[in-house]
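Just so it is clear, none of the values below were taken in a lab; they were calculated from the coordinates. As the structure is a prediction and not an experimental result, all values here were calculated from the model. FYI the Cβ positions are ideal-geometry reconstructions off the backbone, even for glycines, and counts take in every protein chain you see.
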Amino acid sequence: MVDANDMPGHLIRRLQQSAVAIFHQEVEGAGLDLTPVQFAALDQVARAPDIDQVTLAGLIAHDRTTITGVVDRLAAKGLLTRTVSKTDRRARTLNVTQDGLALLARVRPHVEAAQVAMLQGLEAPERDEFLRLMKKALEAINALSRAPLKQV
């Protein structure tokens, strides 16, 4: 019988718990108020202005029904705007505000520091290999996710 501590799912869950804790420690330690999902959403909208919420959800592999809450919180903080699409009146397009861009510039070094801290137990070549293998594993099971990553 395999010990839970040797099961990929258990280890991935523990790594994710630690990753979120490290993210919050770095970001909150800098006096900033942003969750990992909010960062991913804000960063993606900055990279792809005028995208709609459904596209955003796919680009950050987040559930389509809960992305609305993420967008609502970012809009309430004045970090992004949501406007009716010019091509589809049912859709809303998203754009980062000047405050959102300023926050991204302030938070990015802390997010990058968190990424380093998450893999601090690995040597540089091991980090590269670990990331390569995670991407490979995720690509193979992406379609099985309740919120698969979608390439545009």
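Restrict the search to the stretch 68-127; then list the GluC sites (Glu not before Pro) that DSSP places in a loop and that have at most 15 other Cβ atoms within 10 Å of their Cβ.
Here the sparse-neighbourhood loop sites are 123.
Where does the charge balance sit around residue 122 when Lys and Arg score +1, Asp and Glu -1, over other residues with C-beta under 10 Å from its C-beta?
-3
When the Karplus curve 6.51 cos²θ - 1.76 cosθ + 1.60 is applied with θ = phi - 60°, which whole-Hz ³J(HN,Hα) does each residue of the stretch 90-97 get, with x for Gly and Pro?
Ordered by residue, 3J(HN,Hα) equals 7, 9, 10, 9, 10, 9, 7, 7 Hz.
Given springs between every Cα pair under 10 Å in a Gaussian network model of the chain, which of 34, 122, 11 has the largest fluctuation?
Of the options given, 11 has the highest mean-square fluctuation.
Treating only the Cβ of Lys, Arg, Asp and Glu as charged (+1, +1, -1, -1), what charge dipole size does the chain show about its Cα centre? Round to the nearest 20 debye.
It comes to approximately 720 debye.
Run the numbers on the stretch 9-147 and let me know its relative contact order in percent, using alpha-carbon pairs under 8 Å that are six or more apart.
Over the stretch 9-147, the number comes to 27 percent.
For the stretch 54-126, state which trypsin sites (Lys or Arg not before Pro) are in a DSSP loop and have at most 10 other beta carbons lying within 10 Å of their beta carbon.
Here the trypsin sites (Lys or Arg not before Pro) that fit, given the DSSP loop and packing criteria, are 86, 89, 90.
Among 94, 22, 111, pick out the residue whose Cα is farthest towards the positive end of the charge dipole of the chain, where Lys and Arg carry +1 and Asp and Glu carry -1 on C-beta, about the Cα centre.
After comparing all options, I get 94.
Using each residue's phi in the stretch 45-58, evaluate 6.51 cos²θ - 1.76 cosθ + 1.60 at θ = phi - 60° and report the 3J(HN,Hα) Karplus result to the nearest Hz, with x for Gly and Pro.
5, 5, 7, 9, x, 6, 7, 8, 5, 5, 5, 4, 4, x
When Lys and Arg each count +1 and Asp and Glu each count -1, what net charge do the other residues less than 9 Å away from residue 85, Cβ to Cβ, add up to?
Around residue 85, the surrounding residues sum to +1.
Which loop-located trypsin sites (Lys or Arg not before Pro) does the stretch 109-152 contain, where loop means any DSSP state but H, G, I, E or B and the Cβ has at most 12 other Cβ atoms within 10 Å?
Sites meeting the loop and neighbour criteria: 146.
Please name which of 130, 84, 48 has its Cα lying farthest along the dipole of the chain towards the positive end, using unit charges on Cβ (Lys, Arg +1; Asp, Glu -1) and the Cα centre as origin.
84
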